[in-house]
Amino acid sequence: MTDYQSLGLRPLINAYATMTKFGGSLMPPEVLEAMNEAATAFVDLQQLQRRVGERIAELTRNDAAYVTSGAAAGIVLASAAAVLYKRPEALKRFPDIADLNHEAIIFKSQRNPYDYAIYQTGLKYREIDAAPAALRAAISEQTACIFWFHGALVRADDMPLAQLIDIAAEHDIPVIVDAAAQLPPVENLWRFTEMGAALALFSGGKDLRGPQSSGLMLGRRDLIEAIRPISNPNHGLGRPLKVGKEEMMGALAAVERYLSLDHSARERYCEETVRLFCAALEPLPGVRAERAFPNEAGQPLPRCRVIIDSAVLGKSADDFVAAFLAREPAIAVAPDSDASFYLNPMTLNPGEELIVRDACLRLLRIP
Ligand SMILES: *Cc1c(COP(=O)(O)O)cnc(C)c1O
């Protein structure tokens with residue numbers, strides 16, 4: 001039997017988040033069945049990408065859709081699309097595009113580790129303050145696109161996305177929204193593009209629970225058409241970002257499932273689980289537990305913040321995070337600070353909330 005145990009690895013309970021480093025999310029039966037079925041027959045991959053894209057576009061109320069090998073791959077392809085749709089001569093030139101429109105405008109405050117995917121295409125960052133005057137001053141013949149990283153990086157006093165889209169439209173510059181972890185709410189699948197963003201990028205392997213190496217690019221048809229010639233199975237910048245027939249069908253099944261989910265029941269489960277954790281932990285000496293909302297990605301789901309007094313308990317929060325991983329079964333919780341960590345219900349399987357609660361009661365007691 002080929003399983004994790006046969007490699008000497010232990011599966012873990014995920015009370016952290018849809019973290020890629022722990023496997024992201026788990027695929028439900030509908031997704032696995034679609035992938036299994038896809039794995040049994042050959043098909044024309046480009047026709048499949050087209051048909052799956054049309055279906056996903058219809059389901060998500062977008063003009064067009066494309067399955068990528070993840071949201072980070074989506075950033076690469078969207079960056080390329082922003083150059084290519086005006087300058088098809090760039091097809092086989094990435095990343096050597098310094099003489100073309102090669103600047104990606106990005107807010108200084110939104111710089112983050114994922115934005116390297118812009119740079120690797122040959123685009124250069126044009127970092128600006130998150131204000132209309134700075135945006136107007138930065139837009140030029142060199143501008144390929146403007147990036148917006150939705151979620152926790154957006155600050156209350158940044159210019160709003162709607163205003164950014166308006167200014168970009170005056171200059172015919174595509175706005176690309178990285179919304180990798182912005183599900184739920186499900187409406188985000190159409191919200192950004194209905195606002196006028198040219199493309200919105202999502203992870204297939206986070207809350208959608210599609211294949212880990214899948215993602216969605218949703219939005220303008222002309223931009224999506226522009227990347228087909230450089231995307232797998234064609235050669236060019238996108239060839240290493242291969243999406244298989246199984247991932248395409250799995251991503252489609254994941255979108256169909258996500259749209260039919262009872263999202264309010266799911267929200268109730270998360271709220272109840274946070275209450276369960278808080279009620280169990282609050283009485284322990286040296287421990288406080290509170291509901292935290294929204295979560296780290298800005299998703300409208302609660303977490304339980306556990307605050308520990310290390311003078312009472314004799315250990316730091318990091319020690320506890322390590323102790324959760326060392327126990328059997330291992331539990332990944334989300335580190336926060338010297339004095340706190342989070343328990344996140346969104347990636348728990350039904351029933352695991354009790355294992356997590358009992359592990360907390362055992363580990364967080366004064367020795
Ligand atoms: C997770 C994430 C990504 C990368 O998504 P993948 O599907 O793992 O490639 C990109 N941007 C942000 C903001 C993310 O949270």
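Looking across segment 64-96, the residues that are part of a helix (DSSP H, G or I) and open to solvent by 30 Å² or more (accessible area, probe 1.4 Å) come down to Ala72, Pro88, Glu89.
Among the residues of segment 206-243, the one identified as without any contact (Cβ under 8 Å) to a residue 12 or more places away in the chain and either within 15 Å of the ligand (Cβ to nearest atom) or part of a helix (DSSP H, G or I) (or both) is Pro240. The combined condition, being within 16 Å of the ligand (Cβ to nearest atom), among the small types (Gly, Ala, Ser) and open to solvent by less than 10 Å² (accessible area, probe 1.4 Å), is not fulfilled by Ala198. Test Glu352 against the stated conditions and say whether it is among the acidic types (Asp, Glu) and within 15 Å of Cys270 (Cα to Cα). Answer is yes for this residue. Residue-level analysis places Ala251 among those that are within 12 Å of the ligand (Cβ to nearest atom), open to solvent by less than 20 Å² (accessible area, probe 1.4 Å), part of a helix (DSSP H, G or I) and of a type in the set (Gly, Ala, Ser).
Give the residues of segment 6-29 that are of a type in the set (S, T, N, Q) and loosely packed, with under 10 Cβ neighbours inside 10 Å, sorted by residue number. Ser6 - this is the single residue of segment 6-29 that is of a type in the set (S, T, N, Q) and loosely packed, with under 10 Cβ neighbours inside 10 Å. Does Tyr114 satisfy the criteria of being touching an Asp or Glu at 6+ places or on another chain (Cβ under 9 Å) and in contact (Cβ under 8 Å) with a residue 24 or more places away in the chain? Yes: the conditions hold for Tyr114.
The values are calculated or read from the model by the stated rules, or taken from the named source; none is laboratory data. As the structure is a computational prediction, the values presented were derived from the model and not from experiment. We place every Cβ from the backbone using ideal geometry, glycine too, and count neighbours over all the protein chains shown. Heavy atoms of the whole protein, side chains included, go into the accessibility calculation; ligands, DNA and RNA do not. Shrake-Rupley method; radii C 1.70, N 1.55, O 1.52, S 1.80 Å.
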